[in-house]
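Enquirer: Take this structure, written in structure tokens, and hold onto it; I'll ask about it next.
The values are calculated or read from the model by the stated rules, or taken from the named source; none is laboratory data. Fair warning: this is a prediction, and the values are worked out from it, not measured in the lab. Here the Cβ positions follow ideal geometry from the backbone for every residue, glycine too, while neighbour counts run over all protein chains shown. Side chains included, ligands, DNA and RNA excluded: accessible areas come from the protein's heavy atoms. Shrake-Rupley method; radii C 1.70, N 1.55, O 1.52, S 1.80 Å.
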Amino acid sequence: MKSGFSDNGSAWIGLVSFSKSGKTIYFDGKAFQTLDGTGISGNYFELESGNEYWISGVKKDMSDRHKFGGGIIYVEKRILKDYLETIGKNELPKAGYEMTEVDTEKPIERINELENEKLEPAEFSTDLYFKKPNELTKEEIQFLLIDLEESANSPQYKKTRRSIKSRRIELEMELEKRGIKNVG
């Protein structure tokens, strides 16, 4: 786990499952999707919490943790034999590793509901995203500012923060030109 922990977050070596499409990874009762290179420090994010994780294959040389990180690596009990075979050891090192059990349930139904939630009918049409600030009403500008703020905080949009900030400044300047203070 990378969010909030840098390279010292909890680490596991375990067996994952994949969705039919291969785009979602299931592990320990959680579902993860790729950040496609947009993450700050992780390569996947957990769908329900938004936390970033680094997910990769097991390293034969046991360098599974980041070189600057530290902490216990939890090894799932049901894969111990396979893990030891992969790393060429007869037993798990006593220091830095701990056996654990994980939730093997795939939260498919829960995640499908989350991904397919019916969105509230849009108060504004999507074309307002393409209008110039001077073509927007005060309410549309305020709606866009809230939407941009939410996008800026989402792990999915980390790489586009600069363009989000630029658009936000543009909209705030338009409100200022009109003598309207931005509330929020």
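Enquirer: Any idea which residue in the stretch 3-18 is modelled with the highest pLDDT, counting only those that are in a loop (DSSP other than H, G, I, E, B) and open to solvent by 70 Å² or more (accessible area, probe 1.4 Å)?
Expert: Residue satisfying both the conditions and the ranking: L15.
Enquirer: So which residues in the stretch 63-94 are out of contact with any Leu (no Cβ under 7 Å at 6 or more places or on another chain) and of a type in the set (K, R), if there are any at all?
Expert: If the condition is that a residue be out of contact with any Leu (no Cβ under 7 Å at 6 or more places or on another chain) and of a type in the set (K, R), then R65, K67, K77, K81, K89, K94 are the ones that fit.
Enquirer: Pick from the stretch 16-31 the residues that are in contact with a helix residue (DSSP H, G or I) (Cβ under 8 Å, 6 or more places away or on another chain) and not polar (S, T, N, Q): which of them is nearest to R110 (Cα to Cα)?
Expert: Only one residue fits best here, namely A31.
Enquirer: In the set D61, D127, which member is loosely packed, with under 12 Cβ neighbours inside 10 Å, within 26 Å of L148 (Cβ to Cβ) and out of contact with any Asp or Glu (no Cβ under 6 Å at 6 or more places or on another chain)?
Expert: D127 is the lone residue from the list that is loosely packed, with under 12 Cβ neighbours inside 10 Å, within 26 Å of L148 (Cβ to Cβ) and out of contact with any Asp or Glu (no Cβ under 6 Å at 6 or more places or on another chain).
Enquirer: Of the conditions (1) modelled with pLDDT of 85 or more; (2) open to solvent by 70 Å² or more (accessible area, probe 1.4 Å); (3) within 30 Å of E170 (Cβ to Cβ), L145 clears all except one; give me its number.
Expert: (2)
Enquirer: Any residue in the stretch 10-36 that is free of Cβ contacts under 8 Å to residues at least 40 places away in the same chain sitting within a Cβ distance under 9 Å of a residue that is of a type in the set (G, A, S) and open to solvent by less than 50 Å² (accessible area, probe 1.4 Å)? List the pairs, counting only those 6 or more apart or interchain.
Expert: Listed by first residue and then by second, the contacts come to I25/S17; I25/S19; I25/A31.
Enquirer: Please find, within the stretch 40-95, the residue that is farthest from D28 (Cα to Cα) out of those that are in a helix (DSSP H, G or I) and acidic (D, E).
Expert: Looking at residues that are in a helix (DSSP H, G or I) and acidic (D, E), I get E85.
Enquirer: Something else now. Please find, within the stretch 70-120, the residue that is modelled with the lowest pLDDT out of those that are exposed (fewer than 10 other Cβ atoms within 10 Å of the Cβ) and of a type in the set (G, A, S).
Expert: Looking at the filtered set, the residue picked out is A95.
Enquirer: May I pose another question? Starting from the stretch 51-64, keep only residues that are without any contact (Cβ under 8 Å) to a residue 24 or more places away in the chain, then list their pairs with residues that are in a loop (DSSP other than H, G, I, E, B) whose Cβ atoms are within a distance under 9 Å, requiring at least 6 positions of separation or different chains.
Expert: Going by the 9 Å Cβ cut-off, the qualifying pairs are S56/N43; S56/D64.
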